[in-house]
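First, the structure itself, so that you have it in front of you.
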Amino acid sequence: KNEVEQSPQNLTAQEGEFITINCSYSVGISALHWLQQHPGGGIVSLFMLSSGKKKHGRLIATINIQEKHSSLHITASHPRDSAVYICAVSPRETSGSRLTFGEGTQLTVNP
Amino acid sequence: DSGVTQTPKHLITATGQRVTLRCSPRSGDLSVYWYQQSLDQGLQFLIQYYNGEERAKGNILERFSAQQFPDLHSELNLSSLELGDSALYFCASSSSGGGLEQYFGPGTRLTVT
């Protein structure tokens with residue numbers, strides 16, 4: 001079983017819809033990261049959080065440490081949001097700060 | 001633009017060959033991480049350097065090695081290449097040794113034929 005599980009694997013939405021991507025992890029962590037990977041391959045860090053909630057524009061990320069669960073929400077989705085969204089954690093017990101990744105969620109937003 | 005640069009962007013080589021991937025971290029960042037993204041394994045951590053010293057090791061093959069130089073740039077050396085080494089190789093940097101946001105480079109796409 002992977003240390004980081006994401007759902008769904010694939011998600012298709014219509015422009016304007018509210019989108020939720022879920023991430024569950026099974027290890028103690030020092031931080032959880034949400035990343036966005038564009039079709040060209042580049043990876044952008046969207047959020048890093050260790051508690052509570054963060055918001056940036058139309059993106060909201062939440063984390064529940066007790067339940068070992070995080071969600072990424074996109075409000076008023078747009079075709080330019082189409083990308084792969086990856087959840088990653090920094091496991092607490094390891095040295096350094098390596099990231100352990102989920103398999104990603106492929107999001108397609110149709111106009 | 002994350003401020004992390006990687007060269008080359010694309011690399012095509014034959015089995016058995018050796019290649020070197022280069023990464024320059026963001027100005028002031030001391031930590032460099034190397035990750036491999038392949039179709040069957042997804043994104044995996046390879047190795048981390050902090051201020052010239054190896055800090056953490058992940059699923060890095062013995063055929064692979066890395067180092068970080070005094071100017072903080074890093075190189076990932078891949079030798080005796082196999083078809084399965086074809087992947088995207090990302091470098092990321094952060095300002096400290098752990099627990100902080102990582103900034104990813106654009107990646108090097110390696111194709112082994």
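The values are calculated or read from the model by the stated rules, or taken from the named source; none is laboratory data. All values reported here derive from a predicted model rather than from experimental measurement. Positions of Cβ are generated from backbone atoms using ideal geometry, with glycine treated the same way; all protein chains shown enter the neighbour counts.
More than 9 Å from chain A (Cβ to nearest Cβ), more than 23 Å from A:Cys87 (Cβ to Cβ) and out of contact with any Pro (no Cβ under 8 Å at 6 or more places or on another chain): does that describe B:Gly84?
yes
Of all residues being on the phi > 0 side of the Ramachandran plot and part of a loop (DSSP other than H, G, I, E, B) in the range B:21-75, which is nearest to the other protein chains (Cβ to nearest Cβ)? Just the residue, please.
This residue is B:Asn51.
How many residues does the range B:23-80 contain that are among the aromatic types (Phe, Trp, Tyr) and over 19 Å from B:Gln102 (Cβ atoms)?
Counting residues in the range B:23-80 that are among the aromatic types (Phe, Trp, Tyr) and over 19 Å from B:Gln102 (Cβ atoms) gives 2.
Here is a follow-up. Name the single residue, out of those in the range A:61-81 being β-branched (Val, Ile, Thr) and more than 18 Å from A:Thr108 (Cα to Cα), that is surrounded by the most Cβ atoms within 10 Å (Cβ to Cβ).
Within the range A:61-81, the match that is surrounded by the most Cβ atoms within 10 Å (Cβ to Cβ) is A:Ile63.
(1) surrounded by 15 or more Cβ atoms within 10 Å (Cβ to Cβ); (2) at pLDDT 95 or above; (3) farther than 19 Å from B:Phe90 by Cβ: which one isn't true of A:Ile29, the others all being true?
(2)
Turning to a different aspect of this structure: Looking at (1) within 12 Å of chain A (Cβ to nearest Cβ); (2) surrounded by 18 or more Cβ atoms within 10 Å (Cβ to Cβ), which is the one condition that is false for B:Val112?
(1)
Might you check whether a residue that is part of a strand (DSSP E or B) and either in contact with a helix residue (DSSP H, G or I) (Cβ under 7 Å, 6 or more places away or on another chain) or β-branched (Val, Ile, Thr) (or both) occurs anywhere in the range B:78-87?
The answer is yes, given that some residue of the range B:78-87 is part of a strand (DSSP E or B) and either in contact with a helix residue (DSSP H, G or I) (Cβ under 7 Å, 6 or more places away or on another chain) or β-branched (Val, Ile, Thr) (or both).
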